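Down below is the structure, laid out as structure tokens.
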Amino acid sequence: MDKAKNYHMSPDEFRKYGKEIIDWIADYYENVEKYPVLSQVNPNDIKKQLPETPPAESESFDQIIADVNNIVMPGITHWQSPNFYAYFPSNSSGPSVLGDLLSSGLGVQGMLWSTSPACTELETQVMDWLSQMLQLPEKFKSSSTGGGVIQDTASSAALSAVLAAREQKTNYLTNDKGCTGKLTAYISTQTHSSVEKAIKIAGIGKENLRLIGVDENLAMKPEALEKAISEDLSAGLTPFFVCASVGSTSTNAMDPLIPIGEISRKYKLWMHIDAAMSGTAAICPEYRHFLNGVEYADSFSFNPHKWMFTNFDCNCFFVADRSALIKTLSILPEYLKNKATESGAVFDYRDWHIQLGRRFRSLKLWFVIRHYGVNGLQYHIREHIRMAQEFAEWVKSSDDFYLVAPAPLNLVCFRHKGNDEFNKNLLETINKTGKMFFSHTVINGQYVMRMCIGQTNTQPKHVIEAWKTIQETAEELLNQDK
Ligand SMILES: Cc1ncc(COP(=O)(O)O)c(C=O)c1O
């Protein structure tokens, strides 16, 4: 190849197309309500429009963008639509997207302090800020015995917690010798599947995972937990880990942290708290009580990528004793040795999670926290909760619908008084219109609709429209059956 020639995008081209992409995203946000919230394509519709083989020659950026518009966009489910009420949200915001873009532009890989000191130190500080915002106990701060680290997801955080708990309980020998099959772990029947996955990956074995029963509010029963632990001890097994949820996925059930914490202290179990979505609410002092008992925890995790205006992925994982985590996960091959690590004066975050390489994710969190300020974040979280609570009141006062579980924050679980088939049909009919998107769960064997309000731009007018659509569609379906 001619020496002067290359295929790279020049800085001028990057500037030109970069501005176009920012415009594209701004237009998208302005027009997001015009798209069907749930993608309406069929399986293979997208793939069949893509060439079988990769392009041999360079293609124009204009052509690539045209294909995004024509091929990709119809296959998008619009998580950033204010009419998205399904699952838990995965919300986003301008400052977050810009922080993420900057992180991509810098292209930093922050596995070690020395591979970009700012990547590590900004993260440490932002995690300490969050620790203050959530009023976490002192032990979770970097200035104390613990600290926080950004992980990709709550699933990875749970796995890190299980591994550290396993090693701590077995005197750090399982890493060397492998599992004995005697360790037992405890979650409720409502705990997110990621913890079961972590137990399997960590070699504990699903047979050694106890699913503890729940009360009428779908929260873990502490007395059932203690009974299960006692039985395992009597059988010669070694209880080592319990996960309590602050906001279960199905219904936002709140496990009682204080009694679970007391039991975990009594039997020397590692207590992990999974507050994936609802942890964010604790930024508002009036909802901080959902974290009462966090002082017993060995680890705590929540996802700003769910409900804190920070685009996916961004999980915040805090540990009370960072040495347990580091001792579990640290391996130092020759090629990573450096003076800063040897000095012991720095954090090398590669030792705090599963993978080695890591993105500069704290930039987007820093942008978000500084753009909104704590007051701004509190304002929007309160608004989401206020709208959800109002929706719950409408359901309660309706003759045709009723609440199926308590709605402590921004998730409302409800159903029509008709049978399961009717409720399923109702949900699917609404989703097919593309006007809004709900998901479902099953509670005590009954099909239930879930309305979760957490998208950045959801306003009262959207929620009013949603309730109107739900009622009118139910009416229409009933009339059709007559
Ligand atoms: C309570 C809870 N925990 C964990 C997870 C897993 O989240 P992630 O996708 O970050 O692994 C979810 C996902 O919705 C969740 O609701």
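What follows is calculated from the coordinates using simple rules that are stated; it is not laboratory data. On a predicted model such as this, the values are computed, not experimentally measured, just so you know. Neighbour counts run over all protein chains shown; Cβ positions are idealised from the backbone, glycine included.
Among Thr310, Leu163, Gly213, flag the residue with its Cα farthest along the positive direction of the charge dipole of region 108-359, charges on Cβ as +1 for Lys/Arg and -1 for Asp/Glu.
Checked the options; the winner is Leu163.
What does the charge add up to near Lys417, with Lys and Arg as +1, Asp and Glu as -1, over the other residues with Cβ less than 11 Å from its Cβ?
Taking every other residue near Lys417 into account, the sum is -1.
Helix-derived [θ] at 222 nm for the chain: sum -39500 (n - 2.57) over DSSP H runs of at least 4, divide by residue count, nearest 500?
-13000 deg cm²/dmol
Residues in region 404-444 near a label at Arg386, defined as backbone nitrogen under 17 Å from the 7 Å Cα→Cβ point?
It comes to 409-411, nothing else.
Just flag the GluC sites (Glu not before Pro) in region 115-218 sitting in loop per DSSP whose Cβ has no more than 10 other Cβ atoms within 10 Å.
Glu216
Quick one: net charge around Tyr287, please, counting Lys, Arg +1 and Asp, Glu -1 for every other residue with C-beta under 14 Å from its C-beta.
+1
Which distance in nm do the two modelled labels at Arg370 and Glu262 give, with both placed 7 Å along the Cα-to-Cβ direction?
4.5
Please compute the length gained on full extension between Trp129 and Met9, using 0.36 nm multiplied by the number of residues separating them and subtracting their Cα-Cα distance.
Stretched out fully, the Trp129 to Met9 stretch lengthens by 39.4 nm.
Can you pull the semi-axes for region 230-344, root of five times each eigenvalue of the Cα gyration tensor, sorted largest first, whole Å?
Working through the eigenvalues yields semi-axes of 28, 24, 12 Å.
Roughly what % of Cα-Cα distances in region 280-344 sit above 13 Å, to the whole percent?
76
Quick one: the Cα spread of region 108-359 along its three principal axes, in angstroms, biggest first?
52, 46, 28
Using 0.36 nm per residue, how much length does the chain from Lys177 to Glu472 gain when fully extended, once their Cα-Cα distance is taken away? Walk me through the intermediate numbers first.
Working: separation 295, 0.36 × 295 = 106.20 nm, distance 6.23 nm.
Difference between extended and current length: 100.0 nm.
Calculate how large, on average over all directions, the projected area of the Cα convex hull of region 117-261 is; give the answer in nm² to one decimal.
Averaged projected area of region 117-261's Cα convex hull equals 10.0 nm².
Please compute the Kirkwood hydrodynamic radius over the chain, one decimal place, Å, based on all pairs of different Cα atoms. If you can, show how the numbers build up before the last one.
Working: mean 1/r = 0.0409 Å⁻¹.
One decimal place: 24.4 Å for the Kirkwood radius.
Starting at the first residue of region 125-133, write each ³J(HN,Hα) from the Karplus equation 6.51 cos²θ - 1.76 cosθ + 1.60 with θ = phi - 60°, in whole Hz, x for Gly and Pro.
With coefficients 6.51, -1.76 and 1.60, one gets 6, 5, 5, 5, 4, 4, 4, 5, 4 Hz.
What are the ³J(HN,Hα) couplings of region 34-39, residue after residue, when phi is run through the Karplus curve with 6.51, -1.76, 1.60 and θ = phi - 60°? Round to Hz, x for glycine and proline.
Computed from phi, the couplings for region 34-39 are 7, 8, x, 4, 8, 3 Hz.
Within the chain, what is the longest stretch that has no chymotrypsin sites (Phe, Trp or Tyr not before Pro) placed in a DSSP loop and near at most 14 other beta-carbon atoms within 10 Å?
Here the longest segment lacking exposed loop sites spans 173-482.
Where the Cα atoms of region 290-431 are projected onto their three principal axes, how long is each span, largest first, in whole Å?
70, 35, 33
Determine the dipole magnitude for the chain: charges of +1 sit on the beta-carbon of Lys and Arg, -1 on that of Asp and Glu, nothing else is charged, the reference point is the Cα centre, and the result goes in debye to the nearest 20.
In total the dipole reaches around 1000 debye.
I'd like to know how region 428-482 sits against the 2.2 N^0.38 Å rule of thumb: what's its Cα Rg over that expected value?
Ratio of Rg to 2.2 N^0.38 Å for region 428-482: 1.26.
Measure out, as a whole number of angstrom, how far apart the alpha-carbon centroids of region 441-476 and region 146-217 sit.
When both Cα centres are located, 34 Å separates them.
For Ser193, what charge total do you get from the other residues with a beta carbon under 12 Å from its beta carbon, if Lys and Arg give +1 and Asp and Glu give -1?
That works out to +1.
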